[in-house]
Amino acid sequence: MKSLLSKIKQCEVCKEHLPLGPNPVVSGHPDAKVIIIGQAPGTKVHKTGIPWDDPSGNQLRKWLEVSDETFYDETKIAIMPMGFCYPGKGKSGDLPPRPECAPLWHEELLTNMPNIELVILIGQYAQKHYLGNNTKKNLTETVRAFHEYLPKFFPLPHPSPRNRFWLSKNPWFAHDVLPELKHRMHRII
């Protein structure tokens, strides 16, 4: 696993498409029981190299009800985005994750983490990639149907502060989804 992560950290496959250059952000360990698959690092995470080291990460840790220490313990939680590097800025936020990373690295990483019990899929890119035709008509409906994907997959919206409107419009998320997520995290971790 160490050599694989080292190889990924040196990846430059799509460097000509990356406005800030390559800086793959990923963590994992053969003993990890949970893996978080998100979109791609933002500018702050790109600078620090620490996954989810931003307001979205703070919210995600609250949703999971885990401490920073547990969250960053790669023997417990692995972190593998769809795109490992900051993709750049678009009209309404960051660009989509680069398409090269998932086919190039995901399968090999997952093969090296045989103890994964729960795959947390954050956002539509991860959900479409891993759930395929089983996704619903939109992210909201996929998250609402989270029970259908258990026990292996757990779809979530992005925990960005920009999603405050979505969270207030969908109170069932806090009442139905988060308690189940916390329960599973406590049981597994």
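Results, tabulated for the structure shown:
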{"read-out": "Cβ-Cβ under 6 Å pairs, at least 6 apart or on other chains, segment 145-173 side more than 21 Å from residue 43 (Cβ to Cβ), far side basic (Lys, Arg)", "value": "145/136"}
{"read-out": "Counted residues, segment 73-92 - those being without any contact (Cβ under 8 Å) to a residue 60 or more places away in the chain, in a loop (DSSP other than H, G, I, E, B) and among the hydrophobic types (A, V, I, L, M, F, W, C)", "value": "2"}
{"read-out": "Residue that is more than 22 Å from residue 50 (Cα to Cα) and of a type in the set (Ser, Thr, Tyr), where the choices are 168, 160", "value": "168"}
{"read-out": "Looking only at segment 145-186, and only at residues there that are small (Gly, Ala, Ser) and in a helix (DSSP H, G or I), the one that is surrounded by the most Cβ atoms within 10 Å (Cβ to Cβ)", "value": "174"}
{"read-out": "Options 28, 57, 42, 38; residue that is modelled with pLDDT under 95 and either closer than 30 Å to residue 183 by Cα or over 16 Å from the mean Cα position of the chain (by Cα) (or both)", "value": "42"}
{"read-out": "Any hit, segment 92-101, residues being aliphatic (A, V, I, L, M) and closer than 27 Å to residue 180 by Cβ", "value": "no"}
{"read-out": "Residue within segment 3-17 that is charged (D, E, K, R), crowded, with 19+ Cβ neighbours inside 10 Å and not in a helix (DSSP H, G or I) present", "value": "no"}
{"read-out": "Residues of segment 23-60 that turn out to be buried (at least 18 other Cβ atoms within 10 Å of the Cβ), not small (Gly, Ala, Ser) and not in a loop (DSSP other than H, G, I, E, B), as a count", "value": "8"}
{"read-out": "Residues that are charged (D, E, K, R), outside any loop (DSSP other than H, G, I, E, B) and in contact (Cβ under 8 Å) with a residue 24 or more places away in the chain, drawn from segment 93-144", "value": "94, 108, 144"}
{"read-out": "Residue 155, sole failed condition from (1) more than 23 Å from residue 54 (Cβ to Cβ); (2) touching a strand residue (DSSP E or B) at 6+ places or on another chain (Cβ under 6 Å)", "value": "(1)"}
{"read-out": "Residue count, segment 61-72 (criterion: part of a loop (DSSP other than H, G, I, E, B) and without any contact (Cβ under 8 Å) to a residue 60 or more places away in the chain)", "value": "2"}
{"read-out": "Any hit, segment 117-131, residues being more than 17 Å from the chain's Cα centre (by Cα) and either of a type in the set (Gly, Ala, Ser) or modelled with pLDDT of 95 or more (or both)", "value": "no"}
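The values are calculated or read from the model by the stated rules, or taken from the named source; none is laboratory data. Note that the structure is predicted; figures quoted are calculated from it, not measured. In this analysis, Cβ positions are derived from the backbone assuming ideal geometry, glycine residues included, and neighbour counts consider all displayed protein chains.
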